[in-house]
Amino acid sequence: MKEKRKGMQRRAFIKTAAAAGAALSVAPTMTFAKNKEESKVRIGFIGVGGRGRSHLNNLLKRDDVLIPAICDIDTKAIDASMNMISKAGFNNPEVYQDGEHAYEKLLSRDDIDGVIISTPWLWHTPMSVDAMKAGKYVGVEVSAATTLGECWDLVNTYEETGSPLMILENVNYRRDVLAVLNMVRQNVFGELLHARCGYRHDLRAVKFNPGVTFGEGAKGEARWRTQHSLKRNADLYPTHGVGPIAAMMNINRGNRFLTLTSHATKSRGLHKYIVDHAGEDHPNAKLKWKLGDIVTSTINTANGETIIVTHDTNSPKPYSLDFEVQGTQGLTEFDYYNKRIYVEGISKPHHWDEMDDWLKKYDHPLWKKYGEYAAGSGHGGMDFFVDHAFVETVKRKALPPLDVYDAAAWSAITPLSERSIAEGNSVQYFPDFTRGNWIKREPVFALNDEY
Ligand SMILES: NC(=O)c1ccc[n+]([C@@H]2O[C@H](COP(=O)([O-])OP(=O)(O)OC[C@H]3O[C@@H](n4cnc5c(N)ncnc54)[C@H](O)[C@@H]3O)[C@@H](O)[C@H]2O)c1
């Protein structure tokens, strides 16, 4: 029954993708609907804080989306969202804000096709599981899960219900990331050997806001995110780095993560920040932070590559995802501020090349087609693409390009790194969330020019 439903989804996908391909040659307004009413998808929002409103902003620009309901427990977040919705000329949605489980009422509506979940990390899996059980398409923010048990909950629920889940990893759609994926697929670097990636983002002013406050009385992510640094020594946020590399290495699709070892430095940055901003006598200066300032994990893949993943959020540093992709023919190191490439036989021996011409030459078809829509969508345009992919898969009843197995394998880095560090950098084994199917699953991410 399960397989039958998935088979039907795949056939429906192939059919509608071909039909929609013609309809999607669009004019420079956000015109995606085939006709006025028929193809609108109905998306509910759970969590409309900073990130949820960024998704909302992107969907409000489209003519193929209706927003029947939103949910958040924070009145200010609801008010700001209602304001955006009415300014965009959409009908007022039903609001669910009465308690932490109000989202369940939103899920019980039968006029919602999909939900976008942008809540604190500990809510991602419970909400995703409930949404899949309610028969909704799920778009869940990163990371999708915080324990191995939650990773399995996502996979098991998907397999039981057949409701697709997409992990909303926007960095997979960054223009340079997609261009490098294109280069990998066109064999510019030869056979892949190694990659480096991570999340190196000075979040001290996010973790403490205002002043050195976190938890109750704080603002934004300081209300919930900081607590994880107090309690866990792990790579808390692996997917922005590892998602793009996983796509380049076909993880869960002919390849998979096998093992991981992690190392953590001592913890200094958050304590220092508190002392520097509020003095040694501030009560928060007495706290003992578990999270090492820099957590470094090394992953081995089934196909014999290694990946170094860094988590580094408590020290002064310009933002960097620290990408490096290396193969038998050459390599690239690329980031917002620093991009270079070396390809044997093309580059002057032992000299790096500038990357601009390479990025233009290998610009991904998705960016060529939709680049103009992406302006203003957030994070340099990549946010347009992740929301577009979610809406299009819901609309076509297709399987998402970044799926529940990706969500589980990438998110598993947090609990596995935690255990490795706790056990003196012991080797950890990734569960095979695909139950052996990685051997025959085919790559799908960014393999068409539609989404
Ligand atoms: N992909 C990206 O680039 C990106 C950027 C920022 C944040 N994020 C992720 O998005 C998620 C949300 O982050 P944020 O920055 O928006 O945080 P936020 O604190 O600004 O927003 C979270 C919202 O969830 C609401 N919420 C909490 N519990 C709820 C519940 N039980 N029911 C309904 N609403 C609830 C809060 O009131 C808040 O408005 C996090 O997982 C974060 O890691 C991703």
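Read-outs throughout are calculated quantities, based only on the coordinates presented, and are distinct from any laboratory measurement. What you see is a predicted model, and the numbers here were worked out from it, not measured in a lab. Backbone-built Cβ (ideal geometry, glycine too); neighbour counts: all protein chains shown.
Counting other Cβ atoms within 10 Å, which GluC sites (Glu not before Pro) in the stretch 156-255 have at most 13 and lie in a DSSP loop?
The qualifying sites are Glu191, Glu216.
Over every pair of different alpha-carbon atoms in the chain, take the mean of 1/r and invert it; report that Kirkwood radius in Å.
Across the chain, the inverse of the average 1/r is 22.7 Å.
Express in whole angstrom the spacing between the alpha-carbon centres of the stretch 319-368 and the stretch 88-147.
Here the answer is 39 Å between Cα centres.
Which FRET efficiency value, to the nearest 0.05, is calculated for His194 and Asp74 with the Förster distance at 35 angstrom and r the Cβ-Cβ distance?
0.20
Label points 7 Å out from Cα along the Cβ direction at His101 and Lys361: separation in nm?
With each label point 7 Å from Cα toward Cβ, the separation is 5.9 nm.
For the stretch 253-365, with the dipole built from +1 on Lys and Arg beta-carbon atoms and -1 on Asp and Glu ones, taken about the Cα centre, which of Pro365, Thr306, Val295 lies farthest toward the positive end?
Result: Val295, furthest along the dipole toward the positive end.
Just going by the charge dipole of the chain, with Lys and Arg at +1 and Asp and Glu at -1 on Cβ, which of Pro68, Gln326, Gly269 is farthest out on the positive end?
Selected residue: Pro68.
Please state the relative contact order of the chain as a whole percent: Cα pairs under 8 Å, 6+ residues apart?
Relative contact order of the chain: 20 percent.
Can you tell which of Trp438, Val427, Leu416 lies farthest toward the positive end of the dipole of the stretch 377-451, using +1 and -1 charges on the Cβ of basic and acidic side chains (Lys, Arg; Asp, Glu)?
Working it through, the farthest residue towards the positive pole turns out to be Trp438.
Per residue of the stretch 297-314, what does 6.51 cos²θ - 1.76 cosθ + 1.60 with θ = phi - 60° give for ³J(HN,Hα)? Whole Hz please, x for Gly and Pro, Karplus curve as stated.
Listing the rounded values in order: 10, 10, 10, 9, 9, 4, 8, x, 8, 10, 9, 9, 10, 10, 10, 8, 10, 10 Hz.
Glu344 to Thr147: FRET efficiency via 1/(1 + (r/R0)^6), r the Cβ-Cβ distance, R0 30 Å, to the nearest 0.05?
Once rounded, the FRET efficiency stands at 0.10.
Would you mind checking the pairs Lys317/Lys395; Lys61/Lys105; Lys105/Lys395; Lys219/Lys339 and listing those with alpha carbons more than 32 angstrom apart?
Too far apart for the 32 Å limit: Lys317/Lys395; Lys219/Lys339.
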